[in-house]
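All of the numbers you see were taken from the coordinates with simple rules; none came from a lab. Bear in mind that the values here come from a model prediction, so they are computed numbers and not experimental data. Every residue, glycine as well, gets a Cβ built from its backbone with ideal geometry; the counts of neighbours run over all protein chains shown.
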Amino acid sequence: MTRAGEKESVLIVDRTPEVREPLEGALASQGFRVFTASTVPEALRLLESLPVDLMVANHEPPHTNGLHLIRHVRENLRDTVAIMITLSPTVGGAVEAVKAGAENYLSLPIERDKFLEAARQALERLHVRRTARAHSAASSRGSYGLIGESEGMRAIFRAILKAASTSATVLISGESGTGKELVARAIHYGSQRASAPFVAVNCGAIPETLLESELFGYVKGAFTGATESRAGFFQTADGGTIFLDEISETSPAMQVRLLRVLQDKEICMVGATRSRKVDTRVLAATNRDPESLVEKGTLREDLFYRLHVITINIPPLRERGNDILLLVDHFARRFAHELGKPGPQFTDQALRALRDYYWPGNVRELENVIQRLVLMSDSDVVEVADLPSLMRFSALHKSGFDRTLAEVEREYVRNVLASCGGNRTRAARILGIDRKTLREKLKVSDAEAS
């Protein structure tokens with residue numbers, strides 16, 4: 001693996017200096033460390049003795065037998081990716097190269113910028129794989145189910161440590177599905193109150209007419225049906241922590257009562273004439289911007305200031321970069337273990353599509369997607385074609401808008417066929433066409449490539 005701060009290394013394998021030298025010059029100009037070899041034995045010796053991140057090998061057996069080298073890389077060097085180059089590009093050759101383990105299939109002569117972009121993309125996919133494998137290390141730095149290595153999550157972990165060291169109220173904000181309750185639990189179980197109860201209350205899920213009695217309890221005879229006294233959530237959490245999720249969904253009258261609890265540390269049961277002291281720490285959460293809620297009058301300003309002694313804003317999943325890959329690995333392992341199945345392997349293209357998706361439902365949506373994939377997949381390998389349609393569209397959307405429709409279609413057909421291991425029946429089914437139409441498209445593609 002490349003050391004921190006060190007540019008990636010590339011091995012170019014081709015018999016002819018006319019091919020090697022332009023590629024070597026292009027890579028060297030971008031700061032890459034470049035090695036060259038003209039034969040398979042020479043390339044194998046370099047691969048065994050040097051940390052190579054990317055190998056570029058010629059396809060034609062009379063030159064270097066690039067397929068042999070690429071299979072060797074796939075089977076023996078998990079920290080090396082490969083690109084195939086060729087003088088005679090064909091769809092069949094592309095499929096064969098992808099099946100052997102190539103990240104890309106380029107025809108000679110290669111435009112400098114196109115080659116550099118292909119190299120960067122291949123190295124980025126290598127980084128994606130390395131990040132996914134870093135799951136175990138990342139999990140050890142997680143906290144009560146929270147997993148992440150991004151700067152945003154490191155800031156969350158630091159905030160949790162600070163909040164756990166005090167008894168101050170905490171206001172947690174973040175979109176639905178980002179893990180606000182997990183943050184609250186991490187604060188509680190990292191504090192001196194860890195041995196006392198943690199009580200989570202979804203304020204938006206309890207009807208307003210019942211919320212007061214649920215939170216504060218009631219005495220016998222307080223209302224019809226109150227045949228005995230019953231403690232509320234605040235009393236249940238006495239000595240521990242109460243987590244008030246979606247606090248902005250409560251009415252102004254309820255917000256006044258909550259403000260009184262925060263100020264005086266007292267509650268009054270429904271139907272009671274006297275208040276009683278409670279030692280309950282309050283953590284609250286909202287899925288909207290709390291300051292905008294204050295401006296709209298949805299959240300009382302005085303309650304807001306009481307709650308946000310410490311504030312923690314959880315970033316949405318789409319802003320957490322490669323944390324998505326760590327979570328994919330975590331959920332895949334968990335659901336596979338629950339089902340007694342081997343953990344699925346995700347292709348690089350599938351991982352890229354998952355990472356690039358917008359994730360409006362955040363971690364909760366990701367968890368549900370991975371659970372469905374583990375449950376429904378008939379194979380141990382998850383490909384782009386197995387993902388929900390919105391994610392497949394997102395993967396295509398990332399390809400750019402500087403190409404003709406024919407070019408986009410040609411690339412898509414090739415990618416689908418390659419992802420199916422050359423199985424034309426399955427590829428035609430995914431494309432929504434019959435085998436005859438697929439055969440005609442491949443003939444056109446081969447003719448244009450030559």
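For A155 and T16, FRET efficiency with R0 = 45 Å and r from the beta-carbon atoms, rounded to 0.05? With a Förster radius of 45 Å, E is 0.30.
Placing dummy labels 7 Å off each Cα toward the beta-carbon, the span from S292 to R120 is 3.3 nm. Cβ-Cβ distance of H337 and Y189, R₀ of 25 Å, FRET efficiency by 1/(1 + (r/R0)^6): the value works out to about 0.60.
For the chain, the Cβ-based charge dipole about the Cα centre amounts to some 880 debye (Lys, Arg positive; Asp, Glu negative; other atoms uncharged). Report the extension gain between F223 and K443 in nm, rounded to one decimal, defined as 0.36 nm multiplied by the number of residues separating them, less their alpha carbon distance. Extra length from F223 to K443 when fully extended: 71.2 nm.
Remark: the Cα gyration tensor places region 9-133 in the rounded category, a/c being less than 1.5. Since only M391, L161, V381 are under comparison, the one whose Cα sits farthest along the positive direction of the charge dipole of the chain, derived from C-beta charges on Lys, Arg, Asp and Glu, is L161. Exceedance of the 32 Å cut-off in Cα-Cα distance is limited, within the set K162/K341; K180/K220; K99/K441; K180/K341; K114/K441; K341/K443, to K162/K341; K180/K220; K341/K443. For the pair K162 and N313 in one chain, pulling the backbone fully straight at 0.36 nm per residue adds 52.9 nm over the alpha carbon distance.
Full extension of the chain between L44 and E208 gives 51.9 nm of extra length, using 0.36 nm per residue less the Cα-Cα distance. Rounded to the nearest 10 degrees, the inclination of helix 112-133 to the longest alpha-carbon principal axis of the chain is 50 degrees. Helix 40-49 against the longest principal axis of the chain: what's the angle in degrees, Cα atoms only, rounded to the nearest 10? Taking the Cα atoms of the chain, the angle to 40-49 is about 30 degrees. Positive-end ranking of L46, W359, S9 along the dipole of the chain, with charges on Cβ about the Cα centre, is headed by W359.
Between S176 and L375, what is the FRET efficiency for a Förster distance of 25 Å, r being their Cβ-Cβ separation, to the nearest 0.05? Don't skip to the answer; put the middle values down first.
Details: r = 23 Å, r/R0 = 0.93.
That pair, S176 with L375, gives E of 0.60.
Helix 66-76 and the long axis of the chain differ in direction by around 30°, with both axes built from C-alpha atoms.
Of (1) 36.8; (2) 27.8; (3) 24.4, which one was derived for mean projected area of the Cα convex hull in nm² from the structure shown? Entry (2).
Taking the Cα centre of region 9-133 as reference, the dipole from Cβ charges on Lys and Arg (+1) and Asp and Glu (-1) amounts to some 440 debye. Across the chain, C-alpha contacts under 8 Å between residues 6 or more apart give a mean separation that, scaled by the residue count, equals a relative contact order of 14 percent.
Which value in deg cm²/dmol, rounded to the nearest 500, describes the helix-derived mean residue ellipticity at 222 nm for the chain, given -39,500 (n - 2.57) per DSSP H run of n ≥ 4 and division by the residue count?
Rounded to the nearest 500, it is -15000 deg cm²/dmol.
Most simply put, the chain has about 10% antiparallel DSSP beta bridges, counting only bridges with both residues inside it.
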